[in-house]
């Protein structure tokens with residue numbers, strides 16, 4: 001199970017494994033207060049994508065699309081690892097942004113969960129050999 005939380009919020013036992021998913025360290029946050037289990041820069045958006053998005057709400061949908069594409073191209077194994085971590089365990093994806101619903105951690109959570117849901121559906125409903133989709 002995945003949750004998201006602002007890195008500046010206090011850690012809690014309910015957070016499970018705490019993973020910072022930003023490329024840059026959150027300003028003014030000490031390592032002790034962050035209470036991270038890991039900092040996964042691999043899944044952070046590229047600098048170019050981050051600059052393009054610039055937290056502009058009108059770009060949110062396109063940001064998610066570009067970010068998902070970027071993740072599939074640059075770190076598919078890391079996405080697979082994160083999905084595996086979330087199976088049966090709580091994983092909290094931490095972010096520094098002030099926008100609680102429009103940030104890379106929210107997008108990453110959606111990408112992970114959407115992919116996992118489609119994988120589970122495919123596993124439950126396999127097509128017969130030779131069947132075509134669509």
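All of the numbers you see were taken from the coordinates with simple rules; none came from a lab. Here the structure is a predicted model, which means the values were calculated and not measured. Every residue, glycine as well, gets a Cβ built from its backbone with ideal geometry; the counts of neighbours run over all protein chains shown.
Residues in region 17-29: is at least one farther than 16 Å from residue 96 by Cα, surrounded by 12 or more Cβ atoms within 10 Å (Cβ to Cβ) and touching a residue at least 12 places away in the same chain (Cβ under 8 Å)? Within region 17-29, one or more residues are farther than 16 Å from residue 96 by Cα, surrounded by 12 or more Cβ atoms within 10 Å (Cβ to Cβ) and touching a residue at least 12 places away in the same chain (Cβ under 8 Å). Quick one: how many residues across region 1-16 are assigned to a loop (DSSP other than H, G, I, E, B) and touching a residue at least 40 places away in the same chain (Cβ under 8 Å)? So the answer is 4.
When the test is whether a residue is in contact (Cβ under 8 Å) with a residue 60 or more places away in the chain and either in a helix (DSSP H, G or I) or at positive phi (or both), residue 68 does not pass it.
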